[in-house]
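Reading through the structure tokens given below for one structure.
Values quoted throughout were computed directly from the atomic coordinates according to the rules given, and no laboratory measurement underlies them. Nothing here was measured: the structure is a model prediction, and the numbers come from that model. As a convention, Cβ positions derive from the backbone with ideal geometry for all residues, glycine included, and neighbour counts pool all protein chains shown.
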Amino acid sequence: MAEGLLFNMIDKLIGKLGSVVVESWNMRDDLQKLVENMSEIKAVVLDAEEQQGANNHQVQLWLEKLKDALDDADDLLDDFNTEDLRRQVMTNHKKAKKVRIFFSSSNQLLFSYKMVQKIKELSKRIEALNFDKRVFNFTNRAPEQRVLRERETHSFIREEEVIGRDEEKKKLIELLFNTGNNVKENVSIISIIGIGGLGKTALAQLVYNDKEVQQHFELKKWVCVSDDFDVKGIAAKIIESKNNVEMDKMQSKLREKVDGRRYLLVLDDNWNEDRDLWLQLMTLLKDGAEGSKIIITTRSEKVAKASGSSSILFLKGLSEKQSWTLFSQLAFENDRELENEELVSIGKEIVKKCSGVPLAIRSIGSLMYSMQKEDWSTFKNIDLMKIDEQGDNKILQLIKLSYDHLPFHLKKCFAFCSLFPKDYLIPKTTLIRVWIAQGFVQSSSDESTSLEDIGDKYFMDLVHKSFFQNITKHVFYGENEMFQMHDIVHDLATFVSRDDYLLVNKKEQNIDEQTRHVSFGFILDSSWQVPTSLLNAHKLRTFLLPLQWIRITYHEGSIELSASNSILASSRRFRVLNLSFMNLTNIPSCIGRMKQLRYLDLSCCFMVEELPRSITELVNLETLLLNRCSKLKELPKDLWKLVSLRHLELDDCDNLTSMPRGIGKMTNLQTLTHFVLDTTSKDSAKTSELGGLHNLRGRLVIKGLEHLRHCPTEAKHMNLIGKSHLHRLTLNWKQHTVGDENEFEKDDIILHDIRHSNIKDLAINGFGGVTLSSLVNLNLVELKLSKCKRLQYFELSLLHVKRLYMIDLPCLEWIVNDNSIDSSSTFSTSLKKIQLDRIPTLKGWCKCSEEEISRGCCHQFQSLERLSIEYCPNLVSIPQHKHVRNVILSNVTEKILQQAVNHSKVEYLKINDILNLKSLSGLFQHLSRLCALRIHNCKEFDPCNDEDGCYSMKWKELTNLEMLEFYEIPKMKYLPEGLQHITTLQILRIVNCKNLTSIPEWATSLQVLDIKDYPNLPPPMMIKT
């Protein structure tokens, strides 16, 4: 276990034991003795962990026994908590502030007796460990007494030693010389941020020694700050004084030294996140002349923020080419060795492991230089950290400094990330939930702050400290944030978690029986046999399958029932269990025995129709994921017994017809993705039960709203107004339901309750009315209307929507019916994205005349950036716009195409099946910024139509075009001549243009030339690169 974590674990257990109240069986003495022994061990455990690092086998064995005992203590306390929750379920009593153990009732005798025996046995084990520790002569040590390793750097570097940092050097020098209006103070701060080993210090050295920089600044000083941000010590280094001088004299000399002089100060390797300490230093440095600069190198964005940096330079890894240049300089003796293809091939494989980190490349390159070349192949297939061991762990020592600076709770969270494969996009929400399930997230004294909020703060702390990168959103995970770890950082996570965590990468890989957390870095299919070593790993708390979702793409088989049963039998200690994509018709009922389970993922078990009733015995369960269980018909009737459940996800469970009665009791629920109404069933939850779930957050889909048409006022019992953390709402009415017109018009009454809610994104599907008037005064950001078969009119006044989607609205003729400037122009003004799809009767956006629209009517789009119009053949006009950059048009008239690109700044244009389109004549003048053009299925279109004699050459006016695609253009015989003059063109794709007869020679020199399905081209011209 990594340094300090056992200390933290004992500290938490002592706190938990202190909350236990014993009311009989005279167990107070046993518990008190247990706490006393743990406290004595806690005092020396930090020293024990450091001695373990010196490969002391006996200490390692003692720590392993201690870890086992602490895990058992944690499980024991969990058993008490589970029993307390179980009694709550049986008696419906609220949870007490302290865990109470009652031993009076006869039906609890067996449980009570077992707990007494377990406490006594555990107390003896801890006492024995406390006695054994005396052999090792451990010393008492508190966390703040632990000494972190210090670095010492200097200011000099030879320019030829720095590879691949020319652009960064140029940017940094520009920032140093910048004294423009954006620089408010005489002294400004520039921060260079990146993971350990990226070359932050080297870049600062490179700039520090630049001749122009030396001439620009009157005074230059380099200070290596390292671990301790000591204001007096830093001041002493700047004025080159001893640290024993009185602070008052030192501050006077420092201020005198910088007063009125333009200086450059480099504070290298800065870890200080304390704003007050920084201000104490800056008070002494503010008197520098205008243009004075301070460069900070750090691994943490929080350090940059604390210093008030005016500019931040995020350093990235070297490119593949730059990495190879650096490696070859260090690893090869002469050019003759570089001609050895086998050595070069091995070298490039090894360089890939370094992931662009200069420190790693230098260390490994120097190591390879000292080896016999015939031994290089031994490093080809082993991990970077294994190679680093041969070079005295130089890489590890440096990058581990970041880990050593983490507080205990973040160390545990970071170590857990080793379970995800390299380059894997880790879902942020999933990670935070499993952190909570493992007890890594510490609750706040502020009851309004949820564990998820605290977990989010942990996540952002690790982002700011450069442990996580490439944060993005992914459609597959419902637009949730995803992130990655740099390969070097992943290697660090694997190293610090090596005793407890295992990412299995091969089917035959052994799983140590001491492993607590296991994950599989490959897809488990129907041929996978549960290894015996997994069955013997009885201490497992985590079982993850991060790559199992890939089988959706490749249609691969999955684990069978027997394997699932074996996984469940392997451990009763699971806190986190992933059984997604199992090829099961039923979930094994033995899952109910996993009393400590907090996180259960059953997503994509496509054959499962119902869940075992035993699942409701999991009273500790916090997260239950059932996404894409497409055959699931119902949830267990006693679902309400899951009193700890916080997240229930039901995306794409299309056969789910209702929610079980009692769900309204589950007041801890924060995530409930779907609520299905069914007023015809006595066993289904009613609207009032949804109303009681006040803590719901994020998104919610309410299905079955057609059931409320007989009594639409029942909708107010859902209390959407009271759900202040709910921001995304989808309302679904089932289509093709039988009813008269008056019944359908009641749908607008059902919508009334959301008028003053906090909903930002609203989707309405299957609304049955002709008029939609309940959207007035909503603070929506996104509105989506789809499959509203009778909708003809809706009020838009005072809406400030930024994204509008209107899909499958067969009766809609006008989007804005009111031409009043006050009521509807604001709606058009705020829009940034519009998608109109399958609205066959749509005539126009507004009822303004074509003359008014051409002059610029009150509905013109002032902020619109993305416009998509598909299958709207009767659309005759759209308002003016000037900022559209992305346009998609399909099955509309040529006139709409003209209006869409006129006076705009289009960078991406896709047109498909534009009615009667013959050429782009008249459009080129509006497409000077166009980067990508796709033309599909235009039957009359001919790119070489030369009616005016010069059309084919006009294509050269697309001076910024990078990508061009023709798909099913039957009249195209040749490529336009003007294309060869577009110097920016890189990609040309031509698909199924049957009459194309030739490809000009210039096209073969493009970066990508992709030609498919051409019967008329001679064989040599069938080119794809």
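Work out the charge dipole of the range 500-631 with +1 on the Cβ of Lys and Arg and -1 on the Cβ of Asp and Glu about the Cα centre, then indicate which of 581, 535, 630 is farthest towards its positive end.
535
Using Cα pairs closer than 8 Å and at least 6 residues apart in sequence, work out the relative contact order for the range 167-269, in percent.
Values: 70 pairs, mean separation 31.8, N = 103.
Over the range 167-269, the number comes to 31 percent.
With 18 Å as the limit, write out which pairs from 703/784; 232/257; 211/286; 637/665 have Cα-Cα distances beyond it, or answer none.
Details: 703/784 16 Å; 232/257 15 Å; 211/286 25 Å; 637/665 13 Å.
From the list (703/784; 232/257; 211/286; 637/665), the Cα-Cα distance tops 18 Å for 211/286.
For q values of 0.14, 0.24, 0.31 Å⁻¹, compute log₁₀ I(q)/I(0) with the Debye formula on a Cα-only model of the range 183-223, without solvent.
These q points yield log10 I(q)/I(0) values of -0.41, -1.00, -1.15.
Identify, among 193, 176, 162, the residue whose Cα sits farthest towards the positive end of the charge dipole of the range 159-314, taking +1 on the Cβ of Lys and Arg and -1 on the Cβ of Asp and Glu, with the dipole about the Cα centre.
My answer, from the dipole projection, is 176.
How much length is gained if the chain between residue 838 and residue 569 is pulled fully straight, taking 0.36 nm per residue apart and subtracting their Cα-Cα distance, in nm to one decimal? All intermediate terms of the calculation are to be shown ahead of the outcome.
On the way: separation 269, 0.36 × 269 = 96.84 nm, distance 5.27 nm.
Going from the current span to full extension adds 91.6 nm.
Considering every pair of different Cα atoms, what Kirkwood radius, in Å, is found for the range 917-1021?
Values: mean 1/r = 0.0723 Å⁻¹.
So the Kirkwood estimate lands at 13.8 Å.
What FRET efficiency do you get for residue 457 and residue 916 if R0 is 56 Å and r is their Cβ-Cβ distance, rounded to the nearest 0.05?
E between residue 457 and residue 916, to the nearest 0.05, is 0.45.
Short version: ³J(HN,Hα) in whole Hz for each residue of the range 348-362, in order, from phi by Karplus 6.51 cos²θ - 1.76 cosθ + 1.60 (θ = phi - 60°), x for Gly and Pro, what are they?
Running phi through 6.51 cos²θ - 1.76 cosθ + 1.60 with θ = phi - 60° gives 5, 5, 5, 4, 4, 5, 7, 6, x, 8, x, 4, 5, 5, 5 Hz.
What distance in nm lies between label points placed 7 Å from Cα along the C-beta direction at residue 585 and residue 680?
For the pair residue 585/residue 680, the computed spacing is 2.7 nm.
With θ taken as phi - 60° and the coefficients 6.51, -1.76 and 1.60, list the Karplus ³J(HN,Hα) couplings across the range 677-683 in order, rounded to whole Hz; mark glycine and proline as x.
My calculation for the range 677-683 gives 8, 8, 7, 7, 10, 6, 8 Hz in order.
Please arrange 482, 368 by counting, for each residue, the other beta carbons lying within 10 Å of its beta carbon, fewest first.
On the way: 482 20, 368 23.
With the fewest neighbours first, 482, 368 line up as 482, 368.
At what distance in nm do the modelled label points of residue 366 and residue 773 sit from each other, each positioned 7 Å from its Cα along Cα→Cβ?
Taking the two extended label points, one gets 8.0 nm.
If the limit is 19 Å between Cα atoms, which of 631/787; 971/994; 12/302 go over it?
Values: 631/787 24 Å; 971/994 8 Å; 12/302 27 Å.
631/787; 12/302, as the Cα separations exceed 19 Å there.
May I ask you to order 689-702, 153-166 by the average number of other C-beta atoms within 10 Å around their residues, highest value first? Could the numbers behind the result be given before it?
Values: 689-702: 19.3, 153-166: 14.3.
Output ranking for 689-702, 153-166: 689-702, 153-166.
Skipping prolines and chain starts, which residues have an amide H placed within reach, meaning under 5 Å, of the one on residue 785, given they are 5 or more residues away or on another chain?
It is 764, 805, 806, 807, by chain and number.
Modelled label-to-label distance, residue 758 and residue 724, 7 Å Cα→beta-carbon offset: nm?
Once both label points are built, they end up 0.6 nm from each other.
In whole angstrom, how far apart do the alpha carbon centroids of the range 426-445 and the range 265-291 sit?
35 Å
Just to be sure I understand: if I project the alpha-carbon convex hull of the range 159-314 onto a plane and average over all orientations, what area do I get in nm²? Display every interim value, and only then the final one.
Working: hull surface 35.4 nm².
Mean orientational projected area (the range 159-314, Cα hull): 8.8 nm².
Using Cα-Cα distances under 8 Å and only pairs 6 or more residues apart, what relative contact order does the chain have, in percent? Numbers along the way, then the final one.
Working: 2091 pairs, mean separation 43.6, N = 1025.
Rounded, it is 4 percent for the chain.
Could you please state, rounded to a whole Å, how far the C-alpha centre of the range 829-886 is from the C-alpha centre of the range 59-73?
First find each Cα centre; the distance between them is then 69 Å.
I need the P(r) histogram for the range 356-462: all alpha carbon pairs, bin width 10 Å from 0 out to the longest distance, whole percents.
12, 33, 25, 18, 9, 2, 0
Listing 836, 492, 284 from the residue with the fewest other Cβ atoms within 10 Å to the one with the most, what is the order? Numbers along the way, then the final one.
Numbers: 836 23, 492 26, 284 19.
Arranged by neighbour count, lowest to highest, 836, 492, 284 become 284, 836, 492.
Taking 18 Å as the cut-off for C-alpha to C-alpha distance, list the pairs among 802/895; 305/428; 918/973; 428/760 that go past it.
Working: 802/895 26 Å; 305/428 23 Å; 918/973 14 Å; 428/760 22 Å.
Pairs exceeding the cut-off: 802/895; 305/428; 428/760.
What is the dipole size for the chain, taken about its Cα centre, with +1 at each Lys and Arg Cβ and -1 at each Asp and Glu Cβ, in debye to the nearest 20? Kindly include the intermediate steps, with their values, before the conclusion.
Working: 135 positive and 139 negative charges, 376 e Å.
Its charge dipole is roughly 1800 debye.
Helix-only estimate, please: 222 nm mean residue ellipticity of the chain, summing -39500 (n - 2.57) across DSSP H runs of length 4 or more and dividing by its residues, to the nearest 500. Please report the intermediate quantities before stating the final value.
Working: 31 runs with 326 residues, N = 1025.
After summing the helix terms and dividing by the residues of the chain, the value is -9500 deg cm²/dmol.
Tell me which of 391, 376, 976 sits at the most positive position along the dipole axis of the chain, charges placed on C-beta atoms (Lys, Arg +1; Asp, Glu -1).
Farthest along the dipole direction, towards plus: 391.
Give the aspartates and glutamates whose C-alpha is closer than 16 Å to that of residue 633, dropping any in the same chain fewer than 8 places away, or say none.
609, 610, 649, 651, 652, 654, 678, 683
Determine ³J(HN,Hα), in whole Hz, for all residues of the range 311-324 in sequence, where each value follows from phi through the Karplus function 6.51 cos²θ - 1.76 cosθ + 1.60 and θ = phi - 60°; x replaces Gly and Pro.
9, 10, 10, 8, 7, 10, x, 6, 5, 4, 5, 5, 4, 5
Quote to one decimal, in nm, the extra length available between residue 630 and residue 320 on full extension: 0.36 nm per residue of separation minus the C-alpha distance between them.
On the way: separation 310, 0.36 × 310 = 111.60 nm, distance 4.44 nm.
Contour length minus the Cα-Cα distance gives 107.2 nm.
Between the range 565-605 and the range 236-250, what's the alpha-carbon centroid distance in Å?
If we compute the Cα centre of each part, the gap is 64 Å.
Which residues' amide hydrogens lie under 5 Å from the amide hydrogen of residue 468, considering only partners 5 or more residues apart or on another chain, with H built in the peptide plane?
Long-range HN contacts for residue 468: 463.
Can you tell me how much longer the chain between residue 56 and residue 714 gets when fully stretched, taken as 0.36 nm per residue apart minus their C-alpha distance, in nm with one decimal?
229.9 nm
Quote the convex hull volume per residue of the chain, based on C-alpha atoms, as a whole number of Å³.
Values: hull volume 237.2 nm³, N = 1025.
With only Cα atoms used, the chain gives 231 Å³ per residue.
Pop the C-beta distance of residue 469 and residue 241 into the FRET formula with R0 = 60 Å and round what comes out to the nearest 0.05. Walk me through the intermediate numbers first.
On the way: r = 41 Å, r/R0 = 0.68.
E between residue 469 and residue 241, to the nearest 0.05, is 0.90.
Between residue 512 and residues 5 or more places away or on another chain, which pairs have amide H atoms under 5 Å apart, with H built 1.01 Å from N, and which residues are they?
Distant-sequence amide H within range of residue 512: zero hits.
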